[in-house]
Amino acid sequence: MSNTSSRDQLLLEVSRAGRDLVWRKKDERQVYPEDGERAGVLALKRGLRSFILAFSTRAGVNVLLMLFRTFRRKPLRLALFRHAIFGPEPFRFGAMIGTFTFLNTLTLHLLRLAPPWSYYRRRIRAGLFIRPTFGPPEREGPEGERRWQAAVAGAVGSLGLLWEAKSRRAGVAQQLLVRGLQASYNQYTPQFGIHIPYGALLVFGLCSGQIMYSWLLNPETMPKEYNTWIGAASQLPPYAVVANRTIEKLGVLESSIVQRALSHESVTPTNATILRSIAERLKLGWQPDVIPCEVMHPWLDSCVQTDIRRFFSVFRFMLPVYGALHIIPTLVLRSHKVRQSPLKMLARMIWGIIRSCSFLGTFVMIEQTLMCLRTNMVSQVSRQSLWARLMKRKEFFWLLGFSTCLSLLLEEKKRRAELAMYVLPRALESAWSSARRRAWVPIVPFGANLMGAAAMAMLMDSYKHSPESMSGIVKGLLYQLVGPI
């Protein structure tokens, strides 16, 4: 009987130790090391813990995405599991987060323990090689911090970004920068009485306008993989995007694109007849003012039916991605709530996945609806009318992108700011690339590293001095990684 109880007690202790390693308690106290050695030990422990948490989270996301993809396309293979868990991405991500936590914690406490600048100035005046008759002043209380130290520690911790692949550093730094700007905005604007209603919707709309304009007309201002992802999510044929671009920039619809639409495996008889007529008119020198609907969706005659089907196809397309984004963070960051109310948390995750997939489905449906509406309205009015001239302007595509912000209303209110912060770096990158092409801004050496340092300085300053100004998920992540500081 005693052996059984001892074994149960051992299992309980091991389970508790494992849980404490992964999940930090809400009431954990702040730790103030008394010397540099203890500060180094604390930083090493927290850095190792952050590495384990980040590595396991990234590996879990990779496995979940791999399962969604392989179940639909091909049988499972052990090599896929091995690459998802022990590939370079989880190790790079874990090393980046672990190094940040280590350097941030170590720098913060070393600065806290160091004497103030006034002591060093006094030493210099007294002579560096003369034995002083005075010592450093005592710290006020156990903390002994100055306001600027959290920001400096965050900037030093951003060196962990060097673990990421060079091609990905700018993207990570951009995401961190917008989080830092968000926290600083929320921290300082109340002091000046600034409040913008529906700010998340406006930011999302402005960013979507820039992104959609760039994707449709200037794709070279955005990363190739992002252009590819937008094209896949939009469900628009690639040749239709090219056709729209050539019409708007050159005023030419190439006959080869019409032939590609005509050779679509599901082209309808009505659309085939119209496409043949367009091909014949192109031979006579005629050119359309806007892209024909038959080129955008040759497999359906009805624009309305196309819009509805586009919603459901995008919903299915995003299901694996949003499934992972809702399930993994909930299991990692809210595991205690999952254990307390599993059915409630399961229902919340399912509802969140439905809302997120519906959001992007509606986003694409709005874009497709406005494209078809533009084509139909321009074709029904005089080419010289004011309405036709307005609809044919390139600025229409920016307004098209801005209008998609209405889809954000389908998302949970607290997630709207998160989505706005997701698209903001892409829009800023596109705007910066456009400005660089026009030589409006200079080339900044080590731009990604400087951006990451500024971002982490803002984030850690807000986390230390005004945590309520940060979004819940960012504050929760920093608490689990860095702990109370």
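Worth a mention:
- Cβ-based charge dipole, the range 199-441, positive-most Cα from Leu284, Leu206, Leu253: Leu206
- As a proxy for reagent exposure, ranking Asp301, Asp461 by other Cβ atoms within 10 Å from fewest up yields Asp301, Asp461.
- The residues packed around Gly231, meaning those with a beta-carbon under 13 Å from its beta-carbon, carry a net charge of 0 if Lys and Arg are +1 and Asp and Glu are -1.
- With bins 5 Å wide beginning at 0, the percent of Cα pairs of the range 198-339 falling in each bin runs 2, 8, 13, 16, 17, 15, 10, 7, 4, 3, 2, 1, 1, 0, 0.
- Whole-number percent relative contact order across the chain, with pairs defined as alpha carbons under 8 Å at least 6 apart: 26
- Principal-axis tilt of helix 447-465 within the chain, Cα atoms, nearest 10 degrees: 60
- The order of the peptides 58-65, 283-290, 244-251 by mean Cβ neighbours within 10 Å, most packed first, is 58-65, 244-251, 283-290.
- Length-normalised contact order of the range 199-441 in % [C-alpha pairs under 8 Å, at least 6 apart]: 34
- Nearest-ten-degree value, helix 88-113 long axis tilted from longest Cα axis of the chain: 40
- Axis angle, to the nearest 10 degrees, between helix 224-234 and the longest C-alpha principal axis of the chain: 60 degrees.
- Cα-Cα P(r), the range 423-485, percent of pairs per 5 Å interval: 4, 14, 18, 20, 15, 11, 10, 6, 2, 0
- Over 30 Å between alpha carbons, listed pairs Lys25/Lys224; Lys394/Lys475; Lys224/Lys249: Lys25/Lys224; Lys394/Lys475
- Full extension of the chain between Leu373 and Leu162 yields a length gain of 71.2 nm, computed as 0.36 nm times the residue separation minus the alpha carbon distance.
- 3J(HN,Hα) from dihedral phi, the range 415-430, Karplus parametrisation 6.51/-1.76/1.60, rounded to Hz, x for glycine, proline: 8, 5, 5, 5, 5, 4, 5, 6, 7, 4, x, 5, 5, 5, 5, 5
- Over the chain, equivalent-ellipsoid semi-axes from the Cα gyration tensor in Å: 52, 30, 19
- At most 14 other Cβ within 10 Å, DSSP loop - chymotrypsin sites (Phe, Trp or Tyr not before Pro), the range 363-468: Trp440, Phe446
- Projected area averaged over orientations for the range 199-441, convex hull of C-alpha atoms, nm²: 15.7
- Potential lengthening between Ala347 and Arg245 on full extension [0.36 nm per residue; Cα-Cα distance subtracted]: 32.4 nm
- CD proxy at 222 nm, helix term only [per DSSP H run n ≥ 4: -39500 (n - 2.57); per residue of the chain; nearest 500]: -24500 deg cm²/dmol
- Segment Gln380..Arg436, full-extension length gain: 16.2 nm, with 0.36 nm per residue of separation and the alpha-carbon distance subtracted.
- The distance between label points at Arg339 and Arg131 comes to 5.9 nm (points 7 Å beyond Cα on the Cα→Cβ vector).
- Think of the range 218-371 as a dipole: +1 on every Lys or Arg Cβ, -1 on every Asp or Glu Cβ, centred on the Cα centre; then among Trp299, Trp229, Met345, Met345 lies furthest on the positive end.
Laboratory data are not the source of any read-out in this text; all were calculated from the coordinates shown. In this text, all values refer to a predicted model and were calculated from it rather than measured experimentally. Note that we place each Cβ from the backbone using ideal geometry, even for glycine, and neighbour counts take in every protein chain shown.
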